[in-house]
Amino acid sequence: MQPTHSSNRILLPVRNWFILATLLLALFLNLIPFGRFPGIPDWVAVVLAFWCIHQPLRVGMGAAFVLGLVMDVADGSALGQHALAYVVVAFAAGSLSRRILWFPLGQQALQILPLLLGSQLIMLAIGLIGGGEFPGLLWFLSSFVAAVLWHPLTYLLLLPQFRPVERDDNRPI
């Protein structure tokens with residue numbers, strides 16, 4: 001069975017510094033104070049899920065745990081709240097990476113949506129157990145926005161890996 005999408009482009013190997021830079025940029029975007037504006041995605045969870053799907057041997061639960069602890073400290077939330085949610089996202093994304101990559105990008109977003117909603121439910125449960133208030137149903141809008149952004153985000157994160165389209169006679173491949 002052939003995948004429903006095909007591309008004749010060969011990707012270059014991703015560089016470790018690029019993965020680190022995108023994760024740090026996602027962390028920085030999470031730290032921008034938007035207040036209680038609904039619909040802002042959890043950038044770390046989205047970028048972490050992306051790299052756990054595309055590079056499961058390089059980015060995994062260890063990176064998710066460290067990023068989660070940094071987010072817990074920066075956000076002032078219960079220590080381990082983001083860490084647990086990100087580890088679950090990393091585990092699920094790494095486990096389902098071959099399956100998710102089989103689908104076209106629109107259907108990949110539908111596969112990612114439950115992972116992001118699960119992450120939010122974990123953070124909500126820990127927050128409620130710790131005595132926090134229910135943030136309202138609009139709080140879950142950020143997972144849907146992240147799923148809509150999956151398509152352009154995939155192209156943006158894969159852009160440095162694309163080989164040039166023009167043929168170079170000096171290169172064999």
Would you please name the residue that is farthest from Thr154 (Cα to Cα), looking only at residues in segment 51-95 that are over 13 Å from the mean Cα position of the chain (by Cα) and among the polar types (S, T, N, Q)?
Ser77
Where the second residue is among the acidic types (Asp, Glu) and not in a helix (DSSP H, G or I) and the first is touching a residue at least 12 places away in the same chain (Cβ under 8 Å) and lies in segment 17-33, which pairs have Cβ atoms under 9 Å and are six or more apart or on separate chains?
Ala26/Asp42; Asn30/Asp42
Considering only residues that are outside any loop (DSSP other than H, G, I, E, B) and more than 14 Å from Trp43 (Cβ to Cβ), which ones fall in segment 134-147?
Leu137, Leu138, Trp139, Phe140, Leu141, Phe144
Among what's in segment 87-129 and is touching a helix residue (DSSP H, G or I) at 6+ places or on another chain (Cβ under 8 Å) and part of a loop (DSSP other than H, G, I, E, B), pick the residue that is nearest to Leu67 (Cα to Cα).
Leu96
Among the residues that make up segment 66-84, is at least one of them in a loop (DSSP other than H, G, I, E, B) and touching a Phe, Trp or Tyr at 6+ places or on another chain (Cβ under 6 Å)?
no
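Any read-out appearing in this document is the output of simple, stated calculations on the displayed coordinates, not a laboratory observation. Being a predicted model, the structure only gives us computed values, none of them experimental. Glycine also receives a Cβ, built like all others from the backbone with ideal geometry; neighbour counts cover every protein chain displayed.
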